[in-house]
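Novice: Take a look at the following structure, please.
The values are calculated or read from the model by the stated rules, or taken from the named source; none is laboratory data. Because the structure is predicted, anything quoted here is derived from the model rather than measured. Ideal geometry is used to build each Cβ from the backbone, glycine not excepted, and the neighbour counts take in all protein chains shown.
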Amino acid sequence: MPLAHKNAQPLLEVQNLEKCYARTSSLRTNALRRREEIIALRGVSLAVMPQSTLALVGESGSGKSTLALCIACLEKPTSGSIRLGSDELTTLNQTELRAIRPKIQLVFQDPANSLNPRWTGLEIVSEPFVIQQRFSQQERRERACALLARVGISTERANQRPGELSGGQRQRLAIARALALEPRLLILDEALSALDCSVQAQIVNLLLDLQSSLGLSYLFITHDFAMAAHLSDEIAVMDHGKIVETGPTELVAGTPKHPVTKRLMAAATASQILSHELQPV
């Protein structure tokens, strides 16, 4: 994918972001309780350029999803800065956040957990229009149908519920809903990891097409270094709440410096070898 012009300003800029959680634990006597602080993010800084993809790669528990929730304004960071264009997100009140949230949308690993099982695909994609009080009922239906067609879901499938769809179709449905409010940034949180290889390839091609035609920027969160290298313009490697290595994909993948980056690359290579060996002959 083409990188944004070198003189362009970042669409998303995160600086020195911290996120701490408080946890209360019981001491052995059960008479006293101790308050502990868990640091999920430790001075995280990164930038996503317009119409480009930054892959955030790390092992489970490294802080990737916490960072995603903070950027999407679903968690409030303890300190630091999150800027989307000219807007500083960490200082906005609830009314202001309501206006910003449509610009940043999330697609999760398991869409079944984020899709209402009682609604049809058409109703699910129409829901953001209802929440934001946009368009007439007829316009909502027309726009939802167009979005579903855009992601490869037929009219017949549009009237089915999530439980009647395959995993790949559910992910297409989740992407269509995320696109409904014309976001500038799409956060893909392990959005491909639950799919088999052939379906992954189809969804990747869809994402590339949407990025090219709609001018989207992606924050692609994954533990799969090989997929990150395939899809991204830049890579940021995360470990224990910190960014430990970052740079253009060719540089990070070609000459990794941090031990965590090397370990993730080795795991991706081993997985590819195992997958090849298990292919039927």
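Novice: GLN211: closer than 26 Å to LYS103 by Cβ, among the polar types (S, T, N, Q) and in contact with a Pro (Cβ under 9 Å, 6 or more places away or on another chain), yes or no?
Specialist: So GLN211 does not fit the description; no.
Conditions (1) more than 22 Å from CYS70 (Cβ to Cβ); (2) touching a residue at least 40 places away in the same chain (Cβ under 8 Å), marked per residue:
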residue	(1), (2)
ILE100	no, no
PRO111	no, yes
TRP119	yes, yes
ILE131	no, no
SER136	yes, no
LEU147	yes, no
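Novice: Could you look through segment 195-208, keep only residues that are aliphatic (A, V, I, L, M) and part of a helix (DSSP H, G or I), and pick out the one that is farthest from LEU84 (Cα to Cα)?
Specialist: Among those residues, the one meeting the criterion is VAL199.
Novice: Follow-up. Look at ALA178 and say whether it is modelled with pLDDT of 95 or more, out of contact with any Pro (no Cβ under 6 Å at 6 or more places or on another chain) and either of a type in the set (Ser, Thr, Tyr) or in a helix (DSSP H, G or I) (or both).
Specialist: It is true that ALA178 is modelled with pLDDT of 95 or more, out of contact with any Pro (no Cβ under 6 Å at 6 or more places or on another chain) and either of a type in the set (Ser, Thr, Tyr) or in a helix (DSSP H, G or I) (or both).
Novice: Sort out which residues of segment 209-259 are part of a helix (DSSP H, G or I) and either crowded, with 21+ Cβ neighbours inside 10 Å or among the basic types (Lys, Arg) (or both), and write them in order of number.
Specialist: Listed by number, the residues that qualify are PHE225, ALA228, LEU231, VAL252.
Novice: Does ILE104 meet the test of being in contact with a strand residue (DSSP E or B) (Cβ under 7 Å, 6 or more places away or on another chain) and not acidic (Asp, Glu)?
Specialist: Yes: the conditions hold for ILE104.
Novice: Let me ask another. If we keep just the residues of segment 1-26 that are surrounded by fewer than 16 Cβ atoms within 10 Å (Cβ to Cβ), under 26 Å from HIS240 (Cα atoms) and not β-branched (Val, Ile, Thr), which is modelled with the lowest pLDDT?
Specialist: Ranking the candidates gives SER26 first.
Novice: Name the pairs whose Cβ atoms lie under 8 Å apart, with the first residue in segment 223-247 and without any contact (Cβ under 8 Å) to a residue 24 or more places away in the chain, the second surrounded by 19 or more Cβ atoms within 10 Å (Cβ to Cβ) and among the small types (Gly, Ala, Ser), and 6 or more positions between them or separate chains?
Specialist: Final answer for the pair search is GLU245/ALA236.
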